[in-house]
Amino acid sequence: MTPTRRTVLLLAATLMLAGGNAAAQAPVTVFEGARVITGDGNVIENGTIVVEGSRFVAVGRRADVLVPAGAARVDLAGKTVMPTMTDLHGHLGFQNVAAGTMSKETFTRENLIDHLQRLAYHGVGAVVGIGDLVDRAKPGGGRTNWGDVPLRVRDEVIPGAALFKTAGAGMAYPGAGAQGHASRADVMYEVTTPEEARAAVQDYVRMKPEFIKIWVDDREGRKTTLSPTLYRAIAEEAHRHNVPVAVHNVKLADAKELLRAGVEGWLHVPVRGGDAVDEEIISLVKNRIARNDHPTMWITPGLHTAWMNMTLVNAPTGRKPAWLEDPLLTETYSPLAIEEHWGEKFRQSVRFNAHEFELQAKNTMALRAAGMKVVMGTDTGQTRHLIGYFNHTALESYVAMGMTPSETIVAATRDSAEIAKLNTGLIAPGRNADFIVLDANPLEQIANTRRINKVYLRGQDVPRAAMAAKWRSQFRTAATTR
């Protein structure tokens, strides 16, 4: 769509809202009668949404929106509509969900798209991949020759799939990056000197990542991790190329130094491991905002797995937490996979540290009050990490931290999309027509985001029934080969 045509459509929408006689310039669909949660904290009761092509062109109270003649009409009376979510912390492509395995060989365009479809099924309209399998320079010379699947997929708009962006391979001290499955453990740039760090950043930025991801975590003293000298060199070089930096770190001392270095994003709570936010770190956040020094700082808390563990531990004997029997989960994961990763055997072994959860929640809320944004990120795509479903348990963990349902939805929609620089996350004229139709109101209970009736991406109905049927077939086939 050309800028001129887009301007005409937006002008037509404005005239419709004003009660003018302008007609839409192309066939439109009108969604009527729903409660509309717009994504910016506002709610429209008995709303009307007008979609032309892939964009919203009007939204307002039913009585205030002039419906163009000949428009297709969809009755959503009794439903609630909200924008789709954006996930800023995905580890996609490596996992064969049906087989329950992970490998570099699995990181194909087809498998990555399968993961993007799973996200779309759950109402996630966009995701940023981190630690992606993409060609990069080796420290001693040469290249990995891992191809460019993430770079190609980010340039596509795939029907029925979440939009994809990439933060590339990531950076870490050797052996101290992504943990867990071996397929992901060597994907990132590994650096040991400031010179290596700067050279790696120079190669990294060539792939035009959304941000540079770094790991600063000694894994409770078991690993050597990036020193302040190294991560300051990374941040300085990245900012010289106008690329943000996001970090996985644990310790309060590192969080302070990373703030001084201008790092913008935190993947997990910035202060963990028993440390507590203090006045100095609050002052660092406020002073950066006051000085307009990389003032947009954000956190994907990542407390949803702890919240899920809490529900398992606290469930009455012989009972499962409600989410474990949720149709949204059982439609997209096999009974075997659910039992293997979240069933009784895991429940008997899981440990939940209530004090640590409460401390991390308190740390997050204190940093949020100082000016950092809490946004959506689920660490999803690894084994046991439920693609798409984790986004809903993350919302519940945000409310458990102390955010209201309305604040939680704004964080997961508008604010996350703004960090990812995507034209989604709001139900407003000119935005991508990405929205979820719900059978219940999440402002009353945030778990109602799981009661999905339909998902629309770029104005098109996501074929959720066909997707679920395909995945069930894959699970049955995988079960016979185990």
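Looking at Leu133, Leu92, just one residue is free of Cβ contacts under 8 Å to residues at least 60 places away in the same chain and crowded, with 21+ Cβ neighbours inside 10 Å, and that residue is Leu133. For the stretch 35-62, the set of residues classified as on the phi > 0 side of the Ramachandran plot and out of contact with any Ser or Thr (no Cβ under 9 Å at 6 or more places or on another chain) consists of Asn46, Gly53, listed by residue number.
Out of curiosity, is Asn145 free of Cβ contacts under 8 Å to residues at least 40 places away in the same chain, in a loop (DSSP other than H, G, I, E, B) and not assigned by TED's automatic domain parsing to the domain that holds Leu457? When the stated conditions are applied, Asn145 passes them. If you filter the stretch 443-482 down to residues that are part of a strand (DSSP E or B) and among the hydrophobic types (A, V, I, L, M, F, W, C), you find that the one that is surrounded by the fewest Cβ atoms within 10 Å (Cβ to Cβ) is Ile452. Of the residues making up the stretch 254-267, those that are surrounded by fewer than 22 Cβ atoms within 10 Å (Cβ to Cβ) and either in contact with an Asp or Glu (Cβ under 8 Å, 6 or more places away or on another chain) or not assigned by TED's automatic domain parsing to the domain that holds Trp215 (or both) are Lys256, Ala261, Gly262.
Scan the stretch 356-390 for residues that are assigned to a loop (DSSP other than H, G, I, E, B), under 22 Å from Ala447 (Cα atoms) and in contact with a His (Cβ under 7 Å, 6 or more places away or on another chain) and jot them down. Listed by number, the residues that qualify are Gly377, Thr378, Asp379, Gly381, Arg384, Ile387, Gly388.
Can you confirm whether the stretch 426-442 contains a residue that is assigned to a helix (DSSP H, G or I) and either of a type in the set (Ser, Thr, Tyr) or at pLDDT 95 or above (or both)? I'd like the intermediate steps shown before the answer.
Initial filter on the stretch 426-442 (assigned to a helix (DSSP H, G or I)): none.
Scanning the stretch 426-442 turns up no residue that is assigned to a helix (DSSP H, G or I) and either of a type in the set (Ser, Thr, Tyr) or at pLDDT 95 or above (or both).
For Asp203, the test of being in a loop (DSSP other than H, G, I, E, B) and modelled with pLDDT of 95 or more is failed.
For (1) over 12 Å from Pro83 (Cβ atoms); (2) more than 18 Å from the chain's Cα centre (by Cα), each residue gets a yes or a no:
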residue: Asn423; (1), (2): no, no
residue: Ala428; (1), (2): no, yes
residue: Asn448; (1), (2): yes, yes
residue: Pro463; (1), (2): yes, yes
residue: Ala479; (1), (2): yes, yes
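Per the conditions (1) among the acidic types (Asp, Glu); (2) assigned to a helix (DSSP H, G or I); (3) touching a residue at least 40 places away in the same chain (Cβ under 8 Å), the sole criterion not satisfied by Asp114 is (3). Filtered by the rule that a residue be part of a helix (DSSP H, G or I) and on the phi > 0 side of the Ramachandran plot, the stretch 235-284 gives no residues.
The values are calculated or read from the model by the stated rules, or taken from the named source; none is laboratory data. Because the structure is a prediction, the values reported are computed rather than measured. Heads up, the Cβs are rebuilt from the backbone with ideal geometry, glycines too, and the neighbour counts pull from every protein chain shown.
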